[in-house]
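The values are calculated or read from the model by the stated rules, or taken from the named source; none is laboratory data. For clarity, every value in this text was computed on a predicted model and none was experimentally measured. So basically every Cβ, Gly included, is an ideal-geometry build from the backbone, and we count neighbours across all protein chains shown. Just the protein is used for accessible areas: all its heavy atoms, side chains included, with ligands, DNA and RNA removed. Shrake-Rupley method; radii C 1.70, N 1.55, O 1.52, S 1.80 Å.
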Amino acid sequence: FFANMSSITKKVFNVDGMTCQSCVKNIERNVGKMDGVKTVVVSLNDKNASVEFGSDKTTEQAIIEKITSLGFQAKLK
């Protein structure tokens with residue numbers, strides 16, 4: 001499935017508004033469902049999300065919008 005992706009990009013996003021592991025799981029689960037997203041690792045301590053995705057399937061802006069729609073503030077690190 002992921003072998004067809006032309007380019008896998010890894011970006012780190014600053015995420016504000018997380019207060020607990022439940023927030024982390026919410027972001028990981030929902031961003032992880034996005035088309036083209038390969039991996040999502042969210043750190044509550046570092047207040048960031050590291051996302052690996054196929055740049056031919058989704059964009060940094062789409063990931064930011066998804067995190068924002070969940071009630072958090074996100075921006076590219």
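Write down the accessible area per residue of the chain in Å², having rolled a 1.4 Å probe over the full set of protein chains. Spell out each step's value before the answer.
On the way: 4480 Å² over 77 residues.
Accessible area per residue, the chain: 58 Å².
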Counting only residues 5 or more apart in sequence or on a different chain, those whose built amide H sits under 5 Å from that of Asn48 are Val15, Ser43
List every residue whose amide H lies under 5 Å from the amide H of Lys77, counting only residues 5 or more places away in sequence or on a different chain, with H placed 1.01 Å from N in the peptide plane.
Val12, Phe13, Asn14
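Using 1/(1 + (r/R0)^6) with R0 = 30 angstrom and r between the beta carbons of Thr19 and Ser50, what's the FRET efficiency to the nearest 0.05?
0.95
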Rounded to the nearest 500, the 222 nm mean residue ellipticity computed for the chain from DSSP H runs (n ≥ 4, each -39500 (n - 2.57)) alone is -8500 deg cm²/dmol
With a 1.4 angstrom probe the carbon and sulfur portion of accessible area for the stretch 8-76, in percent, totals 45 percent
If you line up the long axis of helix 21-32 against the longest principal axis of the chain, both from Cα atoms, how many degrees apart are they, to the nearest 10?
20 degrees
